[in-house]
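Only one structure is covered here, and it is reproduced in the block below.
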Amino acid sequence: MQELRSYVEGRWVAGTGSPQTLFNPATEEPLARASSEGIDLAAALAHARRAGGPALRALGFAGRAALLKSMADAMQAHRDELLELGIANGGNTRSDAKFDVDGAIQTLLAYAETGAALGAARFLMDGEGIQLGRSVRFHGQHVMVPRQGVAVHVNAFNFPAWGFAEKAAVALLAGMPVLAKPATSSALVAHRVTELIVQNKLLPEGALSLLVGSPRDLVSMLGAQDVLAFTGSGDVGKSIRKLPNISEHSVRVNVEADSLNAAVLGPDVEPASDMYETFLKDVVRDMTQKAGQKCTAIRRVLVPRQHAATVRDDISGLLAGVKVGNPAIEETRMGPLATASQLADAREGVQRLGGKLAFGSTAPVSPKGFFMSPVLVEEPGDAVHKHEVFGPVASLLPYAQEPGGIVARGNGGLVCSLYSDDAAWIEEMFLCIAPHHGRIFLGHPKIELSPGPGTVLPQLVHGGPGRAGGGEELGGPRGLAFYMQRVALEGSRPVISKLLGKPA
Ligand code: NAP
């Protein structure tokens, strides 16, 4: 069995103590073991700050962009191997694994392009210069400079490649070294990506560290120049925010947590229309892709009351055609949940939702593996607006009027999707639900190869208020701000212009 090591202080280090075992969730075969015990976390952080930070900052944006491009190329060259690891360790179908690995490569490439366009600069101008006094001489300009700490990235289990890459791309481009801590249960993919980067010497010494196994007290060691980007459950997010060092040193924290994403079918949409078919496709894709283990997956399906029975039957009909099984077998359309505890949580979550099961059940699917059938819930209780079931589960919510109020009961979400051709209805809904979301997806049958609401694109922000953690990642150059300090330069215009290399 493979013993995973952490990459810290520029070398691979094995943990001590009792390791955690990583499994194949389809067969329950043990694949690897990981432990972070005995690893000097303070020294790992110090090395990243001391060696990685200065090396990255010296490069400027275009130089750092070239690093991202080389990371993407290395992943592309080993794509098949990474897909196989995602299938074995994540319970991903090949299509799920591509979603993760290709998403990672595309995000690295997108940020490589963003960085190349920023040129050799080592800081970013934020807006235009401002005349501050009566004469043009007294001048101000906002500028962003890289922070001098380390960017700690704590990731969830569901996107081991994309989660690693989407965070690393932005931090490295901004000029901060990264210490990545993948979720232990699915760490094989991020571990292999790190091996590729290290073997091929793609990054300067100290620019990337990897911690496998428990995070221990890593987050408690962060200081004023460090940042933490956390993706995972709301409960862990809350506990992190309460750590004394986080408030004492004003450590910048970004939390991406759970979300009760809604899809709303407009009152104007007739069953069997193209818009209706687009809606059905998006709902079923989100329920079954990665076995519903996507933070952006549709959990609440809002439909006009008069169409509720038709929608229920149509979704059920499509779910009946989804073959659940070992993702290593080609015809499988949905794999298992990632771990035994995820399966137990999802089953328990279905009970918590209450109501009736219009499709599927929580009964065991096979004697081995963490499988569950897709489940469509009808007439759920209030828990549908409070509890995220992180699996292939969605609830049908018929509405008579004002679906926006129902959507907002989710208390903050990553994405809400609307399906309608009625511009006035879309505008009303947009104004009602936009403050509660990070992204609004307007589904339309004419969008070619639409990825649906569940796909996060590097050009647009990802995150959401309230329950979703209050975070914001990606969004093209916007994402860089988290890793940089915005500073107001105030003084003589010629001096500032000279400093910034602008015409006076
Ligand atoms: P989790 O149990 O909260 O774990 C997430 C990560 O946090 C793992 O790397 C975990 O390490 C680490 N961790 C656990 N306790 C910690 C602590 N006290 N301090 C620092 N790190 C700690 O979540 P998960 O089960 O992996 O992921 C599922 C959840 O993530 C779902 O609720 C889902 O909605 C959410 N999610 C959100 C997004 C988003 O972008 N908003 C994306 C994906 C997933 P170990 O694995 O070693 O325990």
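The values are calculated or read from the model by the stated rules, or taken from the named source; none is laboratory data. Everything quoted here is computed from the prediction, not taken from an experiment. Cβ coordinates were reconstructed from backbone atoms using ideal geometry, including for glycine residues, and neighbour counts include every protein chain displayed.
Structural remarks
- Of all residues making up region 450-501, the number that are away from the ligand (no atom under 16 Å from the Cβ) and among the β-branched types (Val, Ile, Thr): 3
- Gly464 in contact with a Ser or Thr (Cβ under 7 Å, 6 or more places away or on another chain) and of a type outside the set (A, V, I, L, M, F, W, C): yes
- Residues (hydrophobic (A, V, I, L, M, F, W, C), more than 16 Å from Leu85 (Cα to Cα) and either part of a loop (DSSP other than H, G, I, E, B) or in contact with a His (Cβ under 9 Å, 6 or more places away or on another chain) (or both)) located in region 144-187: Val150, Ala156, Ala168, Ala171, Met176, Val178, Leu179, Ala180
- Filtering region 134-143 to residues that are of a type outside the set (Val, Ile, Thr) and either part of a loop (DSSP other than H, G, I, E, B) or under 18 Å from Leu22 (Cα atoms) (or both) leaves Arg134, Ser135, Arg137.
- A search for C-beta distances below 6 Å between a residue of region 46-74 that is assigned by TED's automatic domain parsing to the domain that holds Ile197 and over 21 Å from Gly476 (Cβ atoms) and any residue that is in a helix (DSSP H, G or I) and not charged (D, E, K, R), counting only pairs 6+ apart in sequence or on different chains, returns Ala74/Leu196.
- Test: residue in region 302-323 that is buried (at least 22 other Cβ atoms within 10 Å of the Cβ) and either within 11 Å of the ligand (Cβ to nearest atom) or under 26 Å from Glu166 (Cβ atoms) (or both): no
- Of all residues in region 496-503, none satisfies being in a strand (DSSP E or B), farther than 26 Å from Arg333 by Cβ, outside the structural domain of Val322 (by TED's automatic domain parsing) and more than 17 Å from the chain's Cα centre (by Cα).
- Complete set of residues in region 449-484 that are under 15 Å from the mean Cα position of the chain (by Cα), surrounded by fewer than 21 Cβ atoms within 10 Å (Cβ to Cβ) and either among the aliphatic types (A, V, I, L, M) or on the phi > 0 side of the Ramachandran plot (or both): Leu457, Leu460, Val461, Gly470, Gly475, Gly476
- Taken together, the criteria exclude Ile130 from residues that are among the β-branched types (Val, Ile, Thr) and crowded, with 18+ Cβ neighbours inside 10 Å.
- Pairs where the first residue, in region 189-202, is farther than 10 Å from Met71 by Cβ and the second is of a type in the set (D, E, K, R), C-beta under 8 Å, 6+ apart: Val189/Asp100; Arg192/Glu81
- Residue ID - nearest to Lys386 (Cα to Cα), chosen from residues in region 427-483 that are β-branched (Val, Ile, Thr) and either not assigned by TED's automatic domain parsing to the domain that holds Met287 or not in a helix (DSSP H, G or I) (or both): Ile440
- Residue match in region 357-370 (condition: modelled with pLDDT under 95, surrounded by 15 or more Cβ atoms within 10 Å (Cβ to Cβ) and either at positive phi or β-branched (Val, Ile, Thr) (or both)): yes
- Condition broken by Ala169, with the remaining ones in (1) touching a strand residue (DSSP E or B) at 6+ places or on another chain (Cβ under 7 Å); (2) within 30 Å of Arg94 (Cβ to Cβ) satisfied: (1)
- Going through (1) more than 18 Å from Thr194 (Cβ to Cβ); (2) among the hydrophobic types (A, V, I, L, M, F, W, C); (3) crowded, with 22+ Cβ neighbours inside 10 Å one by one, Met1 falls short only on (3).
- Single residue of region 382-419 satisfying the filter (out of contact with any Cys (no Cβ under 9 Å at 6 or more places or on another chain) and small (Gly, Ala, Ser)) that is surrounded by the fewest Cβ atoms within 10 Å (Cβ to Cβ): Ala400
- In the condition set (1) within 16 Å of the ligand (Cβ to nearest atom); (2) crowded, with 18+ Cβ neighbours inside 10 Å, Ile433 is compliant with all but (1).
- Matching residues, region 210-266, being of a type in the set (A, V, I, L, M), in a loop (DSSP other than H, G, I, E, B) and either within 10 Å of the ligand (Cβ to nearest atom) or not assigned by TED's automatic domain parsing to the domain that holds Leu179 (or both): Leu211, Val212, Leu218, Leu243, Ala257, Leu260
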